[in-house]
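Trainee: The structure under discussion is supplied below as structure tokens; questions concerning it will follow.
The values are calculated or read from the model by the stated rules, or taken from the named source; none is laboratory data. This structure is a prediction, so every number in the text was calculated from the model and none was measured. Here Cβ is always computed from backbone atoms with ideal geometry, including for glycine, and neighbour counts include all displayed protein chains.
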Amino acid sequence: MNKELLKWGEDGEKAVMEVILESYDNTIVYALFESGNNSAPLMHCSKELDKIVAPDLFVFKGKQLCYIECKRKHQWVEWDGILQTGINTRNWHSYKKLHELTGVNFRLMFIHQDSGSLGDDGVYLVNINEAPFREWKGGGEVFWKLEQMKKWSYSDILLKKLKA
């Protein structure tokens, strides 16, 4: 993987972690990008299960846990006049499986920055249980439309941090 692109994504994950820790009391974040792994880290499972791709952040608030997978992007996709964004289909299935096995809340966080005239910059959340708007089988990706996502209340703070 391109080291510059990997660092750009990790900078987004780090900024998310910092905003969470600055904004929420009694919170602990375990960030996998700090492990130094240059590929998607895997969670090893018992023999009847396949390996599961680990999410970027494990966020503990008190006794609650939430998984967050961050995707930092420069542009939205417009298809049939509908703005959308997405992730790798294989990873999406892996994240869904992790949620189903553990029951832990799981959010996909799309950080859209410098999007230009196509779509608003911001940080958008979608629950892993939210069915994708479409699947692009030829490209191996699934997409959610903008209307399916919620803009994160700390979106502006995060984007300022990334521009600093």
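Trainee: In region 73-92, what count of residues is obtained for those that are farther than 22 Å from GLU4 by Cβ and among the β-branched types (Val, Ile, Thr)?
Mentor: Here the count works out to 3.
Trainee: A further question on this structure: Considering only residues that are at pLDDT below 90 and either loosely packed, with under 12 Cβ neighbours inside 10 Å or more than 13 Å from the chain's Cα centre (by Cα) (or both), which ones fall in region 1-32?
Mentor: Passing the criteria: MET1, ASN2, LYS3, GLU4, LEU5, LEU6, LYS7, TRP8.
Trainee: In this structure, is CYS45 surrounded by 12 or more Cβ atoms within 10 Å (Cβ to Cβ) and more than 13 Å from the chain's Cα centre (by Cα)?
Mentor: yes
Trainee: Out of GLN84, GLN113, report the one residue that is under 14 Å from VAL16 (Cβ atoms) and among the polar types (S, T, N, Q).
Mentor: GLN113
Trainee: Cβ-Cβ below 7 Å, separation at least six or inter-chain, first residue in region 108-129 and over 15 Å from LYS160 (Cα atoms), second surrounded by 16 or more Cβ atoms within 10 Å (Cβ to Cβ) and among the β-branched types (Val, Ile, Thr): which pairs?
Mentor: LEU108/ILE87; LEU108/VAL126; LEU108/ILE128; MET109/VAL16; MET109/ILE68; MET109/VAL123; PHE110/THR85
Trainee: On the basis of being farther than 25 Å from GLU10 by Cβ and either among the β-branched types (Val, Ile, Thr) or in contact (Cβ under 8 Å) with a residue 60 or more places away in the chain (or both), does LYS137 make the cut?
Mentor: So LYS137 fails the test.
Trainee: Yes or no: THR85 buried (at least 17 other Cβ atoms within 10 Å of the Cβ) and under 23 Å from ALA31 (Cβ atoms)? Quick ask: steps written out before the conclusion?
Mentor: Working: buried (at least 17 other Cβ atoms within 10 Å of the Cβ): yes; under 23 Å from ALA31 (Cβ atoms): yes.
Yes.
Trainee: Sort out which residues of region 130-164 are assigned to a loop (DSSP other than H, G, I, E, B), in contact with a strand residue (DSSP E or B) (Cβ under 8 Å, 6 or more places away or on another chain) and under 16 Å from ASN91 (Cβ atoms), and write them in order of number.
Mentor: GLU130, PRO132, GLY140
Trainee: Let me ask something else. Please work out which one of (1) buried (at least 18 other Cβ atoms within 10 Å of the Cβ); (2) within 17 Å of the chain's Cα centre (by Cα) is the condition ASN129 fails and give its number.
Mentor: (1)
Trainee: Something else now. Kindly state which strands (runs of 3 or more DSSP E) lie completely within region 1-103 and contain at least 3 residues that are in contact (Cβ under 8 Å) with a residue 12 or more places away in the chain and under 21 Å from SER115 (Cβ atoms).
Mentor: 64-73, 77-79, 82-88
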